[in-house]
Number of protein chains: 2
Amino acid sequence: MKKEINKKYKFAVIAVDVVILTIKDDKLSALLMPMQKEPYLNYWAVLGGLIKPNESVNEAAKRYLFEKTGLKNVYLEQLYAFGEVGRDPFGRVVSVVYFVLIPHENFRLKISKKIKRVKWFSVDSLPPLAYDHGQIIKTAAERLQAKLSYTNIIYGLLPEKFTLGELQKSYEIILKKKLDKRNFRKKLMSLNIIKSAAGQKRGEAHRPAQLFSFVSKKPQVVEIL
Amino acid sequence: MKKEINKKYKFAVIAVDVVILTIKDDKLSALLMPMQKEPYLNYWAVLGGLIKPNESVNEAAKRYLFEKTGLKNVYLEQLYAFGEVGRDPFGRVVSVVYFVLIPHENFRLKISKKIKRVKWFSVDSLPPLAYDHGQIIKTAAERLQAKLSYTNIIYGLLPEKFTLGELQKSYEIILKKKLDKRNFRKKLMSLNIIKSAAGQKRGEAHRPAQLFSFVSKKPQVVEIL
DNA sequence: GCAAAAGTGTTCAGGGTACACCCATGT
DNA sequence: ACATGGGTGTACCCTGAACACTTTTGC
């Protein structure tokens with residue numbers, strides 16, 4: 001599809017790209033799919049596509065996300081518009097990039113049959129990437145890291161119910177630093193952003209953990225760490 | 001120019017808009033220009049235009065800024081991409097919006113002769129605005145307010161040399177709250193982001209004030225307030 | 001029994017906040 | 001003389017940071 005761009009359009013066209021992030025195997029990871037055409041054959045890319053004339057840019061991002069992965073009602077935020085002239089060898093494409101947070105656990109992606117395969121990569125060890133997608137993923141990871149400290153958006157990465165240990169570990173992975181368990185719990189309980197939920201997490205070779213859930217799954221500015 | 005859009009382009013075209021902000025008469029103010037065509041005749045708008053095929057989006061923003069106001073080497077940051085379908089009645093236009101900070105004092109704008117006139121408006125009492133420019137200015141003001149608290153970007157709004165009183169007043173205007181003079185000075189001196197500069201500010205009916213300048217005019221993350 | 005994470009309080013230091021008076025100037 | 005903002009120090013409180021042991025489970 002992108003091949004015909006430089007024939008059809010003198011001016012730039014608009015694409016959206018969506019960086020899907022989750023925590024998997026104790027790493028912040030991005031969902032990538034392999035390119036199927038030269039010059040990026042076998043390079044990996046984030047999900048994306050051109051916008052349609054009758055949809056907003058936000059809608060286009062949500063549409064591609066849903067069409068290609070089945071994801072809906074997840075944390076989604078506009079990241080940045082990437083508009084360098086040479087960023088797409090097929091033609092002039094300006095991409096408005098979004099990032100999405102999903103809990104890894106229990107999430108079944110419904111990958112579109114048009115996509116050969118997808119794979120999660122740790123954002124710290126990415127394969128060769130198409131276009132400027134390396135820069136894009138780096139920017140997304142930085143934004144996420146920055147926002148964790150002063151907002152509650154960690155909720156996007158956790159399942160409905162979670163333990164304080166899992167919550168703390170999520171912060172530690174993204175902030176890349178160890179946190180003190182007692183101080184962490186004291187702080188989070190004082191912020192009123194999480195509440196005790198019914199039940200415990202059992203089945204592991206240690207004492208069961210109380211479950212918690214988020215009071216609100218709307219973005220809030222809160223001084224967390 | 002924008003009139004032909006819906007004839008020529010089936011798909012969306014890309015524009016840039018630039019919100020120019022300064023502090024004038026103790027108000028955070030935006031530079032606006034009157035529209036000269038229906039349906040927005042006599043509405044006001046921020047500076048903007050379409051991008052050219054051979055320039056990046058960032059370059060387009062800087063080019064329009066320079067061409068229309070003569071401004072260069074000022075604080076400029078990408079704000080957000082606005083992409084609602086109906087935002088421009090002439091056709092499908094997605095706008096990548098930037099904001100710019102300038103010191104008001106001593107700044108001579110070289111307004112392009114193509115522009116009939118420009119005027120500063122307090123962002124808290126804006127005239128009727130074209131397109132979604134009300135939303136755009138509001139978003140810019142919010143971003144600025146948020147970033148003042150944790151970065152040093154106030155430097156964009158102040159002249160080369162300034163007094164601590166002027167600096168404090170700038171914060172107070174944008175944050176919309178009074179600050180304690182002694183605590184403010186103590187904090188800023190401890191951060192090493194400003195340094196004493198030669199000379200004093202005299203000529204006003206009170207004790208002369210020492211001048212200061214910024215150690216660095218690069219954006220830095222610093223916990224200021 | 002052993003390993004592994006859950007759960008729980010106290011102490012200390014540093015930073016934020018509140019607060020009042022004299023100084024140097026222009027009019 | 002008077003009005004105006006410049007310039008300065010201290011006391012208190014609260015928050016952030018450091019720190020260790022017992023509990024409950026699965027194997």
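Values in this text are rule-based calculations from the coordinates and carry no lab data. Every value quoted in this text rests on a predicted model; they were computed, and no experiment measured them. Every residue, glycine as well, gets a Cβ built from its backbone with ideal geometry; the counts of neighbours run over all protein chains shown.
Tabulated results
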quantity	calculated
Which listed residue is closer than 18 Å to B:Q145 by Cα, more than 14 Å from chain A (Cβ to nearest Cβ), within 15 Å of DNA strand D (Cβ to nearest atom) and β-branched (V, I, T), from B:I194, B:I173	B:I173
Condition met for B:E84 (in a loop (DSSP other than H, G, I, E, B) and at the interface with chain A (Cβ under 9 Å from one of its Cβ atoms))	yes
Hits in the stretch A:181-196 (condition: within 26 Å of A:S29 (Cβ to Cβ) and either in a strand (DSSP E or B) or within 12 Å of DNA strand C (Cβ to nearest atom) (or both))	A:K181, A:F184, A:L188, A:I194
Of residues in the stretch A:52-77 being more than 21 Å from A:L144 (Cα to Cα) and part of a loop (DSSP other than H, G, I, E, B), the one farthest from the other protein chains (Cβ to nearest Cβ)	A:G70
Residue match in the stretch A:157-168 (condition: under 19 Å from A:E77 (Cα atoms), more than 17 Å from the chain's Cα centre (by Cα) and within 16 Å of DNA strand C (Cβ to nearest atom))	no
The one condition in (1) away from DNA strand C (no atom under 15 Å from the Cβ); (2) part of a helix (DSSP H, G or I); (3) within 14 Å of chain A (Cβ to nearest Cβ) that B:P219 fails to fulfil	(2)
Candidate set: the stretch A:110-133, residues that are surrounded by fewer than 17 Cβ atoms within 10 Å (Cβ to Cβ) and without any contact (Cβ under 8 Å) to a residue 60 or more places away in the chain; chosen: the one nearest to A:L41 (Cα to Cα)	A:K114
Hits in the stretch A:91-137 (condition: polar (S, T, N, Q) and in a loop (DSSP other than H, G, I, E, B))	A:N106, A:S112, A:S125
Criterion (surrounded by 11 or more Cβ atoms within 10 Å (Cβ to Cβ) and farther than 18 Å from B:L101 by Cβ) met by exactly one of B:K169, B:K195	B:K195
Exclusive hit being over 19 Å from A:H104 (Cβ atoms), crowded, with 18+ Cβ neighbours inside 10 Å and not charged (D, E, K, R), set A:F214, A:F184, A:F162	A:F184
